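Trainee: First, the structure itself, so that you have it in front of you.
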Amino acid sequence: MRIVMWILQIPVAGFFVMAALGKFAGAEPSASTFEAIGLGDWFRVAVGVLEVAGAVALLVPRLAGVAGLALAGLMAGAVLTEAFVFRGGGVLLPLVLLVLCLLIAWGRWENTARLWSAVAGRAS
């Protein structure tokens, strides 16, 4: 199962890094997409930063499950934006990424539970 997770995590992380680079460069369709939703450049860059952070965390076994959940949330926002702002034009790619991120979160659930226990134990 670990090998399968790595085979999934590495390309997904690579995709998020590539997507973030496009956002940082202001390449299309990123620039026009964020302008169309009315949030502008600051939000485009913020999403790029979240994508890079999530991609890096996907490559850290202890953080991979949490990263999968966080990136799934980001992709849920992308799916909703594509479905309702752009009327479903490009919903397939973020939907596939959402499912892949959820699979990573599920596959790394034990790591997430251990991380939560460690963090919760320190907070007590």
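The values are calculated or read from the model by the stated rules, or taken from the named source; none is laboratory data. None of the values given here were measured: they were computed from a predicted structure. Quick reminder, even Gly has a Cβ in these numbers, built from the backbone with ideal geometry, and neighbours come from all protein chains shown. Side chains are part of the model used for accessible areas, which takes the heavy atoms of the whole protein and leaves out ligands, DNA and RNA. Shrake-Rupley method; radii C 1.70, N 1.55, O 1.52, S 1.80 Å.
Trainee: Just to be sure I understand the filter: pairs with C-beta atoms under 6 Å, separated by 6 or more residues or on different chains, first member in the range 5-19 and under 19 Å from ASN111 (Cβ atoms) and of a type outside the set (S, T, N, Q), second member open to solvent by 30 Å² or more (accessible area, probe 1.4 Å) and assigned to a helix (DSSP H, G or I). Which pairs pass?
Mentor: Between residues of the range 5-19 that are under 19 Å from ASN111 (Cβ atoms) and of a type outside the set (S, T, N, Q) and residues that are open to solvent by 30 Å² or more (accessible area, probe 1.4 Å) and assigned to a helix (DSSP H, G or I), the close pairs are VAL12/LEU100.
Trainee: How many residues are over 19 Å from ALA67 (Cα atoms) and open to solvent by less than 50 Å² (accessible area, probe 1.4 Å) if we restrict to the range 1-24? Give the derivation first.
Mentor: From the range 1-24, those over 19 Å from ALA67 (Cα atoms) are 22-24; that's our starting set.
Right, trim to open to solvent by less than 50 Å² (accessible area, probe 1.4 Å) and you get 22-23.
Count: 2.
Trainee: Yes or no: ALA27 surrounded by fewer than 20 Cβ atoms within 10 Å (Cβ to Cβ) and at pLDDT below 90?
Mentor: On the way: surrounded by fewer than 20 Cβ atoms within 10 Å (Cβ to Cβ): yes; at pLDDT below 90: yes.
Considered against the rule, which asks whether it is surrounded by fewer than 20 Cβ atoms within 10 Å (Cβ to Cβ) and at pLDDT below 90, ALA27 comes out as yes.
Trainee: Any residue that is open to solvent by less than 70 Å² (accessible area, probe 1.4 Å) and among the charged types (D, E, K, R) - is there at least one of those in the range 102-111? Full working, then the answer.
Mentor: Here is the first cut: in the range 102-111, the ones open to solvent by less than 70 Å² (accessible area, probe 1.4 Å) are 104-105, 107-108, 111.
Applying the additional criterion that residues be among the charged types (D, E, K, R) yields 108.
Yes: the range 102-111 contains one or more residues that are open to solvent by less than 70 Å² (accessible area, probe 1.4 Å) and among the charged types (D, E, K, R).
Trainee: Here is a further query. Looking at LEU98, is it closer than 15 Å to GLN9 by Cα and surrounded by 13 or more Cβ atoms within 10 Å (Cβ to Cβ)? It would help to see each step written out before you state the result.
Mentor: Working: closer than 15 Å to GLN9 by Cα: yes; surrounded by 13 or more Cβ atoms within 10 Å (Cβ to Cβ): yes.
Judged against the criteria, LEU98 is a match.
Trainee: Might you check whether a residue that is among the small types (Gly, Ala, Ser), buried (at least 19 other Cβ atoms within 10 Å of the Cβ) and either closer than 30 Å to ALA113 by Cβ or over 17 Å from the mean Cα position of the chain (by Cα) (or both) occurs anywhere in the range 76-94? Spell out how you get there, then give the answer.
Mentor: Applying the first criterion (among the small types (Gly, Ala, Ser)) to the range 76-94 yields 76-78, 83, 88-90.
Narrowing further to those that are buried (at least 19 other Cβ atoms within 10 Å of the Cβ): 78.
In the following step, the residues that additionally are either closer than 30 Å to ALA113 by Cβ or over 17 Å from the mean Cα position of the chain (by Cα) (or both) were identified as 78.
Within the range 76-94 (the criterion being among the small types (Gly, Ala, Ser), buried (at least 19 other Cβ atoms within 10 Å of the Cβ) and either closer than 30 Å to ALA113 by Cβ or over 17 Å from the mean Cα position of the chain (by Cα) (or both)), the answer is yes, since at least one residue qualifies.
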